[in-house]
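Single-structure report; data block below.
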Amino acid sequence: MKNILFASTMLAMTIATVSAQGVPGAHFLENWDLNQDGKVSLEDAAERRSDIFTMFDADENGELSGQEYQLFDTTREEDAALNAGGHGQGGMRRAQQGLTLEFNDVDENGVVSKDEFVSKTTDWLALIDRNGDGTVTVEDFGPIK
Ligand SMILES: [Ca+2]
Ligand SMILES: [Ca+2]
Ligand SMILES: [Ca+2]
């Protein structure tokens with residue numbers, strides 16, 4: 001079941017790559033805007049982070065170990081490499097930064113619990129929300145107008 005979920009997510013990411021090329025932030029929106037209203041709200045982001053956590057918690061013990069986190073890191077790198085701009089774009093770089101073990105391991109014990117990961121959603125969204133309106137849209141990516 002976990003593998004099927006994982007495979008379908010990877011497929012969705014691949015499809016998003018094809019349709020979102022060239023528009024900064026569009027790929028992010030396609031992955032994170034769950035109710036497809038053009039904005040990633042705190043609710044969207046928290047729910048998606050919770051899903052992602054579950055996906056990468058291979059032994060289902062409620063924590064991402066260093067080893068489990070490595071797979072998560074690799075998957076994000078591959079996804080970024082597939083996308084136009086990759087790590088280079090400011091918005092995507094901030095988004096990636098907020099998904100690292102260092103960012104999410106609040107008590108610095110080397111593993112990330114689900115509570116830590118989901119509770120960091122607010123800080124993570126604030127990091128990406130460049131214009132400070134409380135949600136992430138394509139306006140928070142790309143060149144500053
Ligand atoms: Ca685990
Ligand atoms: Ca921790
Ligand atoms: Ca915003």
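Structure values in brief
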read-out	value
Cut-off 12 Å between beta-carbons: net charge of the residues surrounding Asp73, Lys and Arg +1, Asp and Glu -1	-4
Exposure ranking of Ile128, Ile144 by accessible area [1.4 Å probe, largest first]	Ile144, Ile128
Cα-projected label distance for Arg76 with Asp51, points at 7 Å along beta-carbon direction, nm	1.8 nm
Selection from Ser113, Thr137, Gln97 lying farthest towards where the dipole of the stretch 95-138 points positive, charges on Cβ	Thr137
Per residue, in Å², the accessible surface of the stretch 52-143 once ligands and nucleic acids are set aside, probe 1.4 Å	50 Å²
Distant-in-sequence amide H partners of Val40 (H built 1.01 Å from N, under 5 Å)	Val136, Thr137
Surface share of carbon and sulfur [accessible, 1.4 angstrom probe, percent] for the stretch 33-83	45 percent
Efficiency of FRET from Cβ geometry, Asp133 and Asn35, R₀ 22 Å, rounded to 0.05	0.80
Accessible carbon and sulfur surface of the stretch 87-145 relative to its total accessible area, %, 1.4 Å	54 percent
Label-reachable residues, the stretch 99-142, where backbone N falls under 16 Å from a point 7 Å from Ser65's Cα toward its Cβ	109-114
Surrounding net charge for Thr100, when Lys and Arg each add one and Asp and Glu each subtract one, Cβ distance under 14 Å	-3
³J(HN,Hα), Karplus 6.51/-1.76/1.60, whole Hz, each residue of the stretch 73-83, x for Gly, Pro	4, 4, 4, 5, 5, 5, 5, 5, 5, 6, 9
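The values are calculated or read from the model by the stated rules, or taken from the named source; none is laboratory data. Only a predicted model underlies this, so the values are computations on that prediction, with no experimental measurement involved. Don't worry about glycine lacking a Cβ; one is built from the backbone with ideal geometry, like all the others, and counts go over all protein chains shown. Surface accessibility is based on the protein's heavy atoms, side chains included, excluding ligands, DNA and RNA. Shrake-Rupley method; radii C 1.70, N 1.55, O 1.52, S 1.80 Å.
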